[in-house]
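Here is the structure we will look at, set down as structure tokens.
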Amino acid sequence: MLRELNQIIKLALPIILTQVGQLTLGLVDTFVIGKVGADELAGVGAGSNLFATGMVIGLGCLLGMDPLCSQAYGAKQYKTCHQYLTQGFLLALFISIPITLITFLAGNYYHLIGPSENLLLHLYPYINTVTWGMPAVLLFFALQRYWQSVGSVIPITLITIFANIINYCVDVALVWGKLGPWDFPQMGSQGVAIATLSARYFIFIATLIYTLWKLRKQISLKLSSLKPNWNLQKNLVKIGLPAGTQYGLEVGAFSIVTLLASKLATSSMAAHQIALSITSFTFMLPLGVSSAASVRVGNLIGANKKQKAITSGWLCIFLSTVIMSFSAVILFIFPSQILTTFTSNTMVITTGIGVLFWGALYQVVDGIQVTTSGALRGIGETKGPLIANLIGHYPLGLFIGIILCFNKGYGIKGLWCGTTLGLFSVSMLVLFLWKKRTKKINKL
């Protein structure tokens, strides 16, 4: 068991660093723009949330690559594994078109929900710039899924680290107007978007170059090999569509909370954005373990080591629980210190402390639900987590949050209380499903 846990950690750690590196782009954006003002922070936060919604749905649609590539690799069917890389890349290119268009439309019609004019003033230049990066993000995700499935992620981690350096430098230059001895025009929210856009295209292009170089002898670059293989596409969509819908439901719940928060005071929206950035950052830790669970369980299922696959899944869930317990303790003990890193606005900090209380409460169950969903994905089960998210977030979480926020007068803290209850429900449902499915595997 310790040997398997060591294997999981060796696989999960570089994935976690890559996931954290992806989200650090947004965290740095929040840090830099938060020093400018609450209105700017609220506008970038709303735009970032819109972009993240489309991005996560696209990522979910590509999650079919995880079990298919990892099971093929575990069964030593390397040609099939390479074919799924090509088909996954084509799928990412295809879905990036409607997701990009919808994100543009959502951003430019954001005024219909009735946010403040100050928020819109900073949202429009951000979303109309950063959305051009959607194809790069989704194409990178397709490449990343392949490399995770074959257990080679350190080069991608290094690329992501360099991208964060680029993002920070451009952020500081175009938002604060000065980088070292050089002066730059202060572009506010649009400057943040340009920084993030530059970093995302760097990640994609560098990963693509690495992939083409590394697999130059294994894959064909002829046009005939880049045509859709409808049988393989069907397999990807069959698993990826429910996973994409599941991710869409989860991120959709948080997006609805953000839309509702934009109707509250600017300080509440700013506090929500900072807390969401922080908890999204901590979420990358179990999300990395979730990816490792999907890959490791898929590899072992492909190698026909069913009992070992089940053990690996439980170990991943245990590892996420330990990690997120530590995260919860940090958020409970140091909320004000964390918030003052992003803003000096007293009202935002005071509101944010109450919001982070609920964020700390849901750390463990959030880790359990995402990691268990990853383990289920490793055995090809994606419909169950979809139903669990639908039940937990909407009839329960959002409904309770809206009542507490607007009817009971708890404001943004009420919305986060509902989110916490929703995540608790989802985690219990997917745990039950994992236990049920593993019993069936043992009987086969």
Please work out which residue is most open to solvent (accessible area, probe 1.4 Å), limiting yourself to the range 183-196 and to residues that are farther than 14 Å from Tyr124 by Cβ and modelled with pLDDT under 85. Gln186
If the Cβ limit is 8 Å and pairs must be 6+ apart or interchain, which residue in the range 91-109 that is free of Cβ contacts under 8 Å to residues at least 40 places away in the same chain pairs with which residue that is crowded, with 16+ Cβ neighbours inside 10 Å and among the hydroxyl-bearing types (Ser, Thr, Tyr)? Phe104/Thr131; Asn108/Tyr124
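Given the structure, is Ile323 under 30 Å from Cys61 (Cβ atoms), out of contact with any strand residue (DSSP E or B) (no Cβ under 7 Å at 6 or more places or on another chain) and at pLDDT 90 or above?
So Ile323 fits the description; yes.
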Among residues of the range 15-36 being of a type outside the set (Val, Ile, Thr) and open to solvent by 20 Å² or more (accessible area, probe 1.4 Å), the residue farthest from the chain's Cα centre (by Cα) is Lys35
Is one or more of the residues making up the range 40-56 open to solvent by 10 Å² or more (accessible area, probe 1.4 Å), outside any helix (DSSP H, G or I) and over 27 Å from Gln246 (Cα atoms)? no
Go through (1) within 20 Å of the chain's Cα centre (by Cα); (2) at pLDDT below 85; (3) over 15 Å from Gly151 (Cβ atoms) one by one and return the number of the condition Gly107 breaks. (2)
Of (1) over 28 Å from Ile403 (Cα atoms); (2) open to solvent by 50 Å² or more (accessible area, probe 1.4 Å); (3) modelled with pLDDT under 85, Ala265 satisfies all except one. Which? (1)
Quick check: anything in the range 334-348 assigned to a helix (DSSP H, G or I), open to solvent by 60 Å² or more (accessible area, probe 1.4 Å) and either within 24 Å of Asn235 (Cβ to Cβ) or in contact (Cβ under 8 Å) with a residue 40 or more places away in the chain (or both)? yes
Mind listing whichever residues of the range 5-14 are open to solvent by 10 Å² or more (accessible area, probe 1.4 Å) and touching a helix residue (DSSP H, G or I) at 6+ places or on another chain (Cβ under 6 Å)? Leu5, Leu11, Pro14
Could you tell me which residue of the range 57-68 is surrounded by the most Cβ atoms within 10 Å (Cβ to Cβ), considering only residues that are in a helix (DSSP H, G or I) and in contact with a Leu (Cβ under 7 Å, 6 or more places away or on another chain)? Met65
Taking the conditions exactly as written (open to solvent by 10 Å² or more (accessible area, probe 1.4 Å) and either closer than 28 Å to Gln144 by Cα or small (Gly, Ala, Ser) (or both)), does Ile274 satisfy them or not? no
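The values are calculated or read from the model by the stated rules, or taken from the named source; none is laboratory data. Note that the structure is predicted; figures quoted are calculated from it, not measured. Backbone-built Cβ (ideal geometry, glycine too); neighbour counts: all protein chains shown. Accessible surface is based on the protein model in full, side chains and every heavy atom, while ligands, DNA and RNA are left aside. Shrake-Rupley method; radii C 1.70, N 1.55, O 1.52, S 1.80 Å.
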